[in-house]
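To start, I am sharing the structure in question, which I have written as structure tokens.
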Amino acid sequence: MKDCIFCQIVQGTIPCARIYETEDVLAFLDISPVIKGHTLVIPKTHVVNMLDLPGSLAGEMHLAMQKLGQAMMDGLKAGGFNLGMNNFKDAGQLVMHAHYHLIPRFAGDGLSLWAQGSYRDNDEMQKVAQEIKSAIPS
Ligand code: AMP
Ligand code: ZN
């Protein structure tokens, strides 16, 4: 897609620090890393978010991320890695070309990804569960 920054990275018109690629998947360093080594994994075709991502392509991305996660542990001596994906603007998606964030983690790096909350009571928890369950297509 012409105006998409990640499509331009795939085409090579915008530079990036490429790490890994297959025919359908590209991985490169995020320009503003949460932790150094923070990597973005994208499909080479323009897909907006996870809801549009075909299962076969998601499977290929999964295989790439298994290799990359292990490579972060072996190459960067990371103790682990986080995997994340922002879908839609309200979830913080800024680039509308689907991408996974793969973030190497180190003991004591101080990064806290989730600020956790609580439900008022079990009724509220069951109600929220039901709202999601009832919207799942059969
Ligand atoms: P998101 O908020 O999930 O859409 O994340 C978009 C990510 O793309 C951010 O973490 C940005 O730092 C990253 N980003 C934007 N432009 C570039 C670029 N030219 N090269 C590498 N990463 C980029
Ligand atoms: Zn794109």
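The values are calculated or read from the model by the stated rules, or taken from the named source; none is laboratory data. If you're wondering where the values come from, they're calculated on a predicted model, not measured in any experiment. Virtual Cβ from ideal backbone geometry, glycine too; neighbours counted across all protein chains shown. Areas reflect the complete protein model, heavy atoms only, side chains present, ligands, DNA and RNA absent. Shrake-Rupley method; radii C 1.70, N 1.55, O 1.52, S 1.80 Å.
Residues of region 32-57 being within 20 Å of ARG18 (Cα to Cα) and within 16 Å of ligand 2 (Cβ to nearest atom), which ones?
Correct list: LEU40, VAL41, ILE42, PRO43, LYS44, THR45, HIS46, VAL47, LEU57.
Turning to a different aspect of this structure: Being under 27 Å from the mean Cα position of the chain (by Cα) and either of a type in the set (Phe, Trp, Tyr) or open to solvent by less than 80 Å² (accessible area, probe 1.4 Å) (or both) is the filter here; which residues of region 120-138 pass it?
Hits for region 120-138 are VAL128, ALA129, ALA135.
Any residue in region 59-81 that is within 20 Å of MET1 (Cβ to Cβ), open to solvent by less than 40 Å² (accessible area, probe 1.4 Å) and not basic (Lys, Arg)?
Within region 59-81 (the criterion being within 20 Å of MET1 (Cβ to Cβ), open to solvent by less than 40 Å² (accessible area, probe 1.4 Å) and not basic (Lys, Arg)), the answer is yes, since at least one residue qualifies.
Can you pull out every residue in region 59-94 that is away from ligand 2 (no atom under 16 Å from the Cβ) and aliphatic (A, V, I, L, M)?
Across region 59-94, the qualifying residues are LEU63, ALA64, MET65, LEU68, ALA71, MET72, MET73, LEU76, ALA78, LEU83, ALA91.
Going by the conditions given, is PHE88 within 30 Å of ILE136 (Cβ to Cβ) and of a type in the set (Phe, Trp, Tyr)?
Yes; evaluated as a whole, the condition is true for this residue.
Any residue in region 63-80 that is within 14 Å of ligand 1 (Cβ to nearest atom) and either among the hydrophobic types (A, V, I, L, M, F, W, C) or in contact with a strand residue (DSSP E or B) (Cβ under 8 Å, 6 or more places away or on another chain) (or both)?
No, region 63-80 has no match at all.
Moving to a separate point now. When region 94-136 is examined, which residues are found to be within 16 Å of ligand 1 (Cβ to nearest atom) and among the small types (Gly, Ala, Ser)?
ALA98
A further question follows. Can you work out which of the residues in region 2-27 that are in contact (Cβ under 8 Å) with a residue 24 or more places away in the chain, part of a strand (DSSP E or B) and open to solvent by 50 Å² or more (accessible area, probe 1.4 Å) is farthest from ligand 1 (Cβ to nearest atom)?
Of everything passing the filter in region 2-27, TYR20 is farthest from ligand 1 (Cβ to nearest atom).
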